[in-house]
Structure formats: structure tokens, C-alpha cells
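Working notes, structure below.
The values are calculated or read from the model by the stated rules, or taken from the named source; none is laboratory data. Given the structure is predicted, the values throughout are model-derived calculations rather than measurements. FYI the Cβ positions are ideal-geometry reconstructions off the backbone, even for glycines, and counts take in every protein chain you see.
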Amino acid sequence: METLSQDSLLECQICFNYYSPRRRPKLLDCKHTCCSVCLQQMRTSQKDLRCPWCRGITKLPPGYSVSQLPDDPEVIAVIAIPHASEHTPVFIKLPSNGCYMLPLPLSKERALLPGDIGCRL
């Protein structure tokens, strides 16, 4: 069985867009996952939802929409955790009443402090 990278778990393998509130990761009966937008497009062109990978059929009762399919709990658990961006500044208050900005992620070298060469505070 092919293993997926962390990034590929976060994106629909049909359209390659990242999952989001608009593109929710929906779980088919066969346990494959793709985004709600792709499933909605597939639903308009066919009566039943047919998995693009295994061709398994997911039946939706009349009147049900793709949004009523269950979300993939594994993907939701990953995307629900806020990830700190490498561009997210962190401010810390030091006893001198000064405020220093540290870059994320912290490098193996020490952070620059005011007065160091290269510090632009």
C-alpha cells in the first residue's frame, strides 16, 4: 500500500487544493478521502458517487448533499491543529521592560538580541 506524506494528507488528491472550510475532507464508504468541492462536481455528473481510486460506490439518499457525508476524522485532526508559520513572530517580555522578537522556527544557533550584528530592532 502506498504511504502518503503529511502534505499529501492535507490536500485533495483529485484537485491538489489544501483542505479548508470550503473544501472539507469527506470520507467515502470505501474509506478514501477527497474534498467536498470535487465530490460535488462528481455528483452532478453521475447519480452515485464513485470513488476515483477503487471505483467503490457511495450512495447518498435522495435529498442528501455531499456536505452530509462524514468528514475524515484523521485529516480533520491534523488540519485542526494550528501550525506556527515560520513567519509568525514571537514576542517575549524580558525583565528590562524591553521586547525582543525571535524568529520561528528557532535555529540551532542562538537568537539575535538588540545590539547584536544583524539585529534590526
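Things to note:
- Selection of segment 6-37 for residues being within 15 Å of Pro70 (Cα to Cα) and buried (at least 17 other Cβ atoms within 10 Å of the Cβ) yields Tyr19, Arg23, Arg24, Pro25, Lys26, Leu27, Leu28, Thr33, Cys34, Cys35, Ser36, Val37.
- Remark: pairs (first residue in segment 41-56, on the phi < 0 side of the Ramachandran plot and outside the structural domain of Lys31 (by TED's automatic domain parsing); second residue at pLDDT 85 or above and in a loop (DSSP other than H, G, I, E, B); Cβ separation under 7 Å; 6+ apart in sequence or on different chains) are absent.
- Among residues of segment 16-66, those that are in a loop (DSSP other than H, G, I, E, B) and not small (Gly, Ala, Ser), counted: 25
- In segment 49-78, the residues that are of a type in the set (D, E, K, R), surrounded by 11 or more Cβ atoms within 10 Å (Cβ to Cβ) and more than 20 Å from the chain's Cα centre (by Cα): Arg50
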